[in-house]
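Beneath this line is the structure, given in structure tokens, with notes to follow.
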Amino acid sequence: VQLQASGGGLVQPGESLRLSCAASGRIRNINVMGWYRQAPGKQRDLAATITTGGITNYADSVKGRFTISRDSAKNTVYLQMNSLKPDDTAIYYCRWRTYSYTEDYWGQGTLVTVSS
């Protein structure tokens, strides 16, 4: 499975961005798709996940501002990020995995910078 993340960039506080993560290869067993982020000098943390059943989970810091969604026909997961804050500045990585972690794939990361 190969994951291609895109959509990062430089925005001002309060603006929006939409990240995309397109998958190719054998994704038949994948159950959970998500976005993680790593700010400078910090560990990589979960931002949002979505299951093939449509169940979503968000970090408290992004609830109400970020929305994760998927287009199964395009094998793509999106992260709509609104009301961006400087604290959202990070490299955003997509991750697709099975529930049991027997398959676990990461994308290459896309940089989001929120600054005035």
From G54, G7, residue being small (G, A, S) and either within 13 Å of Y93 (Cβ to Cβ) or surrounded by 15 or more Cβ atoms within 10 Å (Cβ to Cβ) (or both): G7
Some residue of the range 21-35 being in a loop (DSSP other than H, G, I, E, B) and at pLDDT 95 or above: no
R97 being of a type outside the set (G, A, S) and within 15 Å of V32 (Cβ to Cβ): yes
Unmet criterion (only one of (1) touching a Gly at 6+ places or on another chain (Cβ under 9 Å); (2) part of a loop (DSSP other than H, G, I, E, B); (3) not hydroxyl-bearing (S, T, Y)) for P40: (1)
Residue match in the range 20-34 (condition: open to solvent by 60 Å² or more (accessible area, probe 1.4 Å) and under 13 Å from the mean Cα position of the chain (by Cα)): no
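The values are calculated or read from the model by the stated rules, or taken from the named source; none is laboratory data. Because the structure is a prediction, the values reported are computed rather than measured. Don't worry about glycine lacking a Cβ; one is built from the backbone with ideal geometry, like all the others, and counts go over all protein chains shown. Just so you know, the surface numbers come from the protein's heavy atoms only, side chains and all, with ligands and any DNA or RNA stripped out. Shrake-Rupley method; radii C 1.70, N 1.55, O 1.52, S 1.80 Å.
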